[in-house]
Each structure stands twice: as structure tokens, then as C-alpha cells.
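Only one structure is covered here, and it is reproduced in the block below.
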There are 2 protein chains.
Amino acid sequence: MEDKNRYRRMLKKENLRNTSHRQSILEALEASEEPVSAETLYLTLREKGISISISTVYRALDVLVEKDIVAKTDFTDNNKSLFEIKREEHRHHLVCVKCRKIIPVKECPFYEYAGELEERFGFSITGHKLEMYGYCQKCGGSPGKTGD
Amino acid sequence: MEDKNRYRRMLKKENLRNTSHRQSILEALEASEEPVSAETLYLTLREKGISISISTVYRALDVLVEKDIVAKTDFTDNNKSLFEIKREEHRHHLVCVKCRKIIPVKECPFYEYAGELEERFGFSITGHKLEMYGYCQKCGGSPGKTGD
DNA sequence: CTCCTTAATGCGACTGATTCGCATTTGCAT
DNA sequence: ATGCAAATGCGAATCAGTCGCATTAAGGAG
């Protein structure tokens, strides 16, 4: 499994021990197309037969976020934080306000805009998040209020 | 005070009673250039000598969000939700990852991009949030890691 | 202006996500 | 193989946010 070695290198580079739990967490995050909550991640791992505690999941996510390996999304699911592994290209999301489906989008048209803002505000932009809300194809027909 | 009447009308229109607490909350939100947490709002009001309980603040914010008078931002401050009054034009934000300063930005270049995505994913976009992270002028000199 | 209905509020208990302390285990450098 | 610091598990603790219920007050009717 070459991913295992990739993770080992990533962790090593950040002076983090290469534990089996961290490997599993990274694997699970990599496998997920959408951001997941700590709890979902925990349950996924348990289902795979991995014995891990929820606090370990939280702690691993914390340290991975700190080391910039994982991103904590800025939209939440029912007050639960969501996490996703940082991939080559960063992603944005279309979030369905009705069924909560999340569609990742790879394109990002912001660099130009960002540059302009940096000049105007003397602000050095290091990252950004863009989330779009609305109704997915399935829910599109009846845009009744459902939160935002 | 004409704002008072404006608020009264807004509340009435939504079948909400025009209570002094709601007036104070709307005033405080209007006065704030940045999104604030329920707790900050609560403390602000107490400082002004207004006797109010934290649950009233939460309940008022909830109902105002539901009625689309107030927006709950999708980025949080230390796990605390932030709220801002909806103004004419929606806003984006530059968030300093070091000092946590938030600069509102009025421009929004996304309509075109949004249209393209809608077509591609059959998704009906009703809103979006864009937050940019980096270092403000004051903190710009030393971009040491501080979160994202 | 007073009365009445019911929404709004205060207070304290409660919930649910996340964090923390501490004893135990495990990675990994030597 | 050994030792030590980092990582983990478990349960307790914390903290934002919610809820139940008794009390207060908005605002329409008379």
C-alpha cells in the first residue's frame, strides 16, 4: 500500500508519530468525497473493526489540521465540525440546504480577485473558503425554507 | 429614532412582537461592522445597562435568522457561531488568522461563476459564503502558523 | 385606559460536541 | 532489546446552545 508510505512521510515531516490510528484516519478521509464529522469518522472506523476512541479521533484531527494536512470546513453539519483531507487542488462546495448533500467543486476562479483585495486592504491572503448553498437536482423542485 | 420604526416594521411584517430586547439586539447588530457571537452580543447589551438573559439572545437570534433578518455566518470563532444583520448588499470577509480581525468586503465577483456551476450540476444556488484568510496589515509581517 | 390572550422572557436544568487529566500503551531513536 | 516521550483510552469536565416552566409584557379588543 503506497498510501501508507505517503502518510508515513507526511507525518514524519511534521514530527508526528506514524500510528496506526492516524493511518486509518487519513485513509478514511482520503476515501471520503465529502467532509465528515469527527463522529462519522469514528463510526466509520469502528465499522471497519478498528478499535479507537472518540477522543483520539478529535486529537488526531486537531493535530492534522494544525499541520495543514487536514482542513476543518467552515460550514458545520448540525453544529458538528466537518473535516476533509487537503488534496492537491483545494475544493469548494455546493451544499444542498434541503437534503444536506455536499458536492465538491474543483474549479476556483479567485486568484485574480484575491490579488486585487490584497492590494486594496494591505491584507496577505493565504487561503479562502467558498461554499455555495441552494437546492440540488433532486430537491430543486421545491425550494421551501429549510435553514441556510 | 427612525431605526426603531424600521425595526418595528420589519418585526411586524414577520409577525414578531416589537420587544425592547429585539430592538436592542437589532441596534447592536447594525452598529457592529463585524459578525458577533451570541455571547459578545449579550455582553455588549449588558454593558449598555440592558438587562437581558443569554437565552433570550439566542432565541432572538434564532428567530431573526429564520425570518432572514439576520445571517448566521458559516465560519465560527472558537466554535462560537457568529451573527450579522443582513444589509443591502451581502458581504464577504477577510479574516486575519493571527489577530482575528475581520474586514468586510462588499464586492462579489461570483454571479458568473455561480451560473456556470448551476448548469453543470443541475444545482440551484440561492446563496454563498466566501471567506478569505490571511494576515492583516498589522500582522502581515510574520506569517507564523496560527490556525487556518 | 383596562383587560385578555399569548408571545416573549428569565432562570436553571439539560444536552451534545469537544476537551482534558491521568494512567497506560506504543512508536521509534539508540 | 531499552527507555522515554508521544499517543491513546477512559471517564470527567467544559462550554455553546437548547428547553421546560413559571412569570412578564406586547398589543389588539372593547
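The values are calculated or read from the model by the stated rules, or taken from the named source; none is laboratory data. For clarity, every value in this text was computed on a predicted model and none was experimentally measured. Positions of Cβ are backbone-derived with ideal geometry, glycine not excepted, and every protein chain shown enters the neighbour counts. Each accessible area value is taken on the protein alone, full model and side chains, heavy atoms only, with ligands, DNA and RNA left out. Shrake-Rupley method; radii C 1.70, N 1.55, O 1.52, S 1.80 Å.
Could you grab me the full set of residues in segment A:1-38 that are assigned to a loop (DSSP other than H, G, I, E, B), open to solvent by 30 Å² or more (accessible area, probe 1.4 Å) and away from DNA strand D (no atom under 12 Å from the Cβ)?
Start the filter on segment A:1-38 by keeping residues that are assigned to a loop (DSSP other than H, G, I, E, B), which leaves A:1, A:14-19, A:32-35.
Remaining after also requiring open to solvent by 30 Å² or more (accessible area, probe 1.4 Å): A:1, A:14-15, A:17-19, A:33-34.
A:Met1, A:Glu33, A:Glu34, listed by residue number.
Return the total of residues in segment A:74-91 being modelled with pLDDT under 80 and in a strand (DSSP E or B).
Qualifying residue count, segment A:74-91: 1.
What tally of residues in segment A:49-62 results from selecting those that are more than 7 Å from DNA strand D (Cβ to nearest atom) and either closer than 19 Å to A:Glu84 by Cβ or hydroxyl-bearing (Ser, Thr, Tyr) (or both)?
Total meeting the criteria: 5.
Pairs please, first residue from segment B:25-50 and in the same structural domain as B:Arg8 (by TED's automatic domain parsing), second anywhere and of a type in the set (Gly, Ala, Ser), Cβ atoms under 6 Å, 6+ apart in sequence or on different chains.
B:Ile25/B:Ala60; B:Leu41/B:Ala28; B:Thr44/B:Ala28; B:Leu45/B:Ser24; B:Ile50/B:Ser24
Restricted to segment A:48-70, and to residues that are assigned to a loop (DSSP other than H, G, I, E, B) and open to solvent by 60 Å² or more (accessible area, probe 1.4 Å), which residue is nearest to DNA strand C (Cβ to nearest atom)?
Top of the filtered list is A:Ser51.
Take the residues of segment B:123-139 that are in a loop (DSSP other than H, G, I, E, B) and open to solvent by 30 Å² or more (accessible area, probe 1.4 Å): which is farthest from the other protein chains (Cβ to nearest Cβ)?
Among those residues, the one meeting the criterion is B:Lys138.
Consider A:Asn78 against the criteria (1) facing chain B (nearest Cβ under 9 Å); (2) closer than 23 Å to B:Ala71 by Cβ; (3) of a type outside the set (Ser, Thr, Tyr); (4) free of Cβ contacts under 8 Å to residues at least 40 places away in the same chain: it satisfies all of them except one. Which criterion is unmet?
The failed condition is (1).
Return the residues of segment A:37-75 that are touching a Phe, Trp or Tyr at 6+ places or on another chain (Cβ under 9 Å), within 11 Å of chain B (Cβ to nearest Cβ) and closer than 20 Å to A:Asn18 by Cα; say none if nothing qualifies.
A:Val65, A:Val70, A:Ala71
Within segment B:10-65, track down each residue that is over 22 Å from B:Asn78 (Cβ atoms) and of a type in the set (Asp, Glu).
B:Glu14, B:Glu27, B:Glu30, listed by residue number.
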